[in-house]
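The block underneath contains the structure these notes are about, expressed in C-alpha cells.
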Amino acid sequence: MQRRRSKQTKSLEDRLSEEAQRLREQAKALPLSAERDELIRRARQDEIGAHMTEWLTSPGLRPPD
C-alpha cells in the first residue's frame, strides 16, 4: 500500500494563518454560543501554532550547550 503524498505550495505558517482567519470570519457570522466559542478557540490555536513554527524555524534559535 502506497502513501499519497502531495507537495505543499504554501508554508505551514501561511496555511495556519489563513485557517485562523477563515474560522474568525465564520465565528463573526454566528450569535454568541458554544459553537462560536469553539471556532474562536480553534482560530487561536492555529495562530499560536503559526507563531510556534515561525519561532522554531527562526535563525536565532540555537541548540542547548
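None of the figures in this text is laboratory data; all of them are computed from the coordinates on show. It should be emphasised that the depicted structure is a prediction, and the values quoted were computed from it without experimental measurement. Note that we place each Cβ from the backbone using ideal geometry, even for glycine, and neighbour counts take in every protein chain shown.
List of remarks:
- Using alpha-carbon coordinates, inclination of helix 12-28 to the longest axis of the chain, degrees: 10
- Working from label points 7 Å from Cα in the Cα-to-Cβ sense, the M52 to E38 distance is 2.1 nm.
- Per-residue ellipticity at 222 nm, computed for the chain from helices alone with -39500 (n - 2.57) per DSSP H run of at least four residues, works out to -21000 deg cm²/dmol.
- By average C-beta atoms within 10 angstrom, highest first, the peptides 48-59, 13-24: 13-24, 48-59
- Which of G49, L30, L12, positive extreme of dipole for the range 1-63 (C-beta unit charges): L12
- Principal-axis analysis of the Cα atoms of the chain puts helix 34-56 at an angle of about 20° to the longest axis.
- E25-K7 pseudo-label distance in nm [points 7 Å out on the Cα-to-Cβ vector]: 2.8
- Surrounding net charge for L12, when Lys and Arg each add one and Asp and Glu each subtract one, Cβ distance under 14 Å: -4
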